[in-house]
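Novice: I have a structure I would like to understand better, so I am pasting it below and will then ask my questions one at a time.
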Amino acid sequence: MNATSVQPDAYHIAGFTFRSRLFVGTGKYANFDLMRAAIDASGCEVVTVAVRRDVLADNGAPRADSILDHLDGRRITILPNTAGCFNVKDAVRSARLSRDLLEGMNNPGAAWVKLEVLADTKTLLPDPIGTLEATKTLVGEGLKVLAYTTDDPIIAARLKEAGAASVMPLGAPIGSGLGILNPNNIRLCLEYLKSGDPSYPVIVDAGVGTASDVTVAMELGADGVLLNTGIAGAKDPVRMARAMALACESGRLACLAGRIPKKAYATASSPWEGVIGR
């Protein structure tokens, strides 16, 4: 095996090409300097930004000093999201505002949106029906939709059929840090979404608490992992960001390498033949 065989492999999503498979959010940091340092440590190429909440003022005009002013647009691709939207109308409006703002800035992030339509404020779980409806609307308007949803393989398949550029099943509720609660459902989502289309991008989103959670998601076969709180809420966000990056790469390599089968009984590492006394 030569050195190039273990380099990060490129993948495609919504017309973009990336090598880093870690997507990082921009919320909950103590300050912009810490956010920027953590993003740099993560090596990510995509960051999510809640444009309606964190970039636009109440009157709809851009803030004087927003998150976008603290991101390196030469290296980072912005993925606007509809965070905090609890109905289809608000989510669609948020996506349109993001598109219009980023188009005015000639930012390539205007071409896509991470769609969130949440069900309630207690669980912050996705509303699958609202997500499907909003996906159809935004796809019809030419946006590349990355749809955040539950880990239900049926709704995941419906979102793909509706034209979602990527489906993003949750690992656990937003900000919970519970990790990948239902690996089998993630496997089923991957099976349904990649059947006949192995290159279709599936990103596990939300609930990641530490690096091992990222590794689990990647070993299952996900194309990437999106997280925010797991880094921003850590005691040392910069170190955790680096840990998440290494975990993502490790999980991807393990997935490609192929794990050994699980067995009920032991198997000796060395052959028994020729062992004295046998």
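Novice: Among the residues of segment 212-242, which ones are open to solvent by 20 Å² or more (accessible area, probe 1.4 Å), small (Gly, Ala, Ser) and part of a helix (DSSP H, G or I)?
Specialist: 212
Novice: Give segment 135-162 a look and list any residue that's small (Gly, Ala, Ser) and farther than 18 Å from residue 103 by Cβ, or say none.
Specialist: If the condition is that a residue be small (Gly, Ala, Ser) and farther than 18 Å from residue 103 by Cβ, then 147, 156, 157, 162 are the ones that fit.
Novice: Considering segment 86-119 alone, what residues qualify as being under 21 Å from the mean Cα position of the chain (by Cα), modelled with pLDDT under 95 and part of a loop (DSSP other than H, G, I, E, B)?
Specialist: Within segment 86-119, just 107 meets the criteria.
Novice: With 160, 235 as the choices, which residue is in contact with a strand residue (DSSP E or B) (Cβ under 7 Å, 6 or more places away or on another chain) and among the charged types (D, E, K, R)?
Specialist: Values: 235 fails: in contact with a strand residue (DSSP E or B) (Cβ under 7 Å, 6 or more places away or on another chain).
The conditions single out 160.
Novice: For segment 94-117, name all the residues that are closer than 18 Å to residue 128 by Cα and open to solvent by 50 Å² or more (accessible area, probe 1.4 Å).
Specialist: none
Novice: Under 6 Å between Cβ atoms, which residue pairs at least 6 apart in sequence (or on different chains) link something in segment 35-56 that is more than 17 Å from residue 240 (Cα to Cα) and outside any helix (DSSP H, G or I) with a partner that is open to solvent by less than 40 Å² (accessible area, probe 1.4 Å) and among the charged types (D, E, K, R)?
Specialist: Sorted first by the residue in segment 35-56, then by its partner, the pairs are 48/114.
Novice: Okay, next question. Quick check on segment 94-109. Is at least one of its residues touching a residue at least 24 places away in the same chain (Cβ under 8 Å) and on the phi > 0 side of the Ramachandran plot?
Specialist: No: segment 94-109 contains no residue that is touching a residue at least 24 places away in the same chain (Cβ under 8 Å) and on the phi > 0 side of the Ramachandran plot.
Novice: Here's a follow-up. Take segment 120-149 and flag every residue that is open to solvent by less than 50 Å² (accessible area, probe 1.4 Å) and assigned to a helix (DSSP H, G or I).
Specialist: 128, 130, 131, 132, 134, 135, 138, 139
Okay, residues lined up against (1) open to solvent by less than 50 Å² (accessible area, probe 1.4 Å); (2) within 13 Å of the chain's Cα centre (by Cα); (3) within 30 Å of residue 239 (Cα to Cα):
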| position | (1), (2), (3) |
| --- | --- |
| 151 | yes, no, yes |
| 161 | no, no, no |
| 177 | yes, no, yes |
| 185 | yes, no, no |
| 193 | yes, no, no |
| 199 | no, no, no |
| 203 | yes, yes, yes |
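Novice: Here is a further query. Taking the conditions exactly as written (surrounded by fewer than 18 Cβ atoms within 10 Å (Cβ to Cβ) and either part of a helix (DSSP H, G or I) or modelled with pLDDT under 95 (or both)), does residue 262 satisfy them or not?
Specialist: Considered against the rule, which asks whether it is surrounded by fewer than 18 Cβ atoms within 10 Å (Cβ to Cβ) and either part of a helix (DSSP H, G or I) or modelled with pLDDT under 95 (or both), residue 262 comes out as yes.
The values are calculated or read from the model by the stated rules, or taken from the named source; none is laboratory data. Worth saying up front: this structure is predicted, and the values here are computed from it rather than measured. Here Cβ is always computed from backbone atoms with ideal geometry, including for glycine, and neighbour counts include all displayed protein chains. Remember, those area values only see protein heavy atoms, side chains included, never the ligands or the DNA or RNA. Shrake-Rupley method; radii C 1.70, N 1.55, O 1.52, S 1.80 Å.
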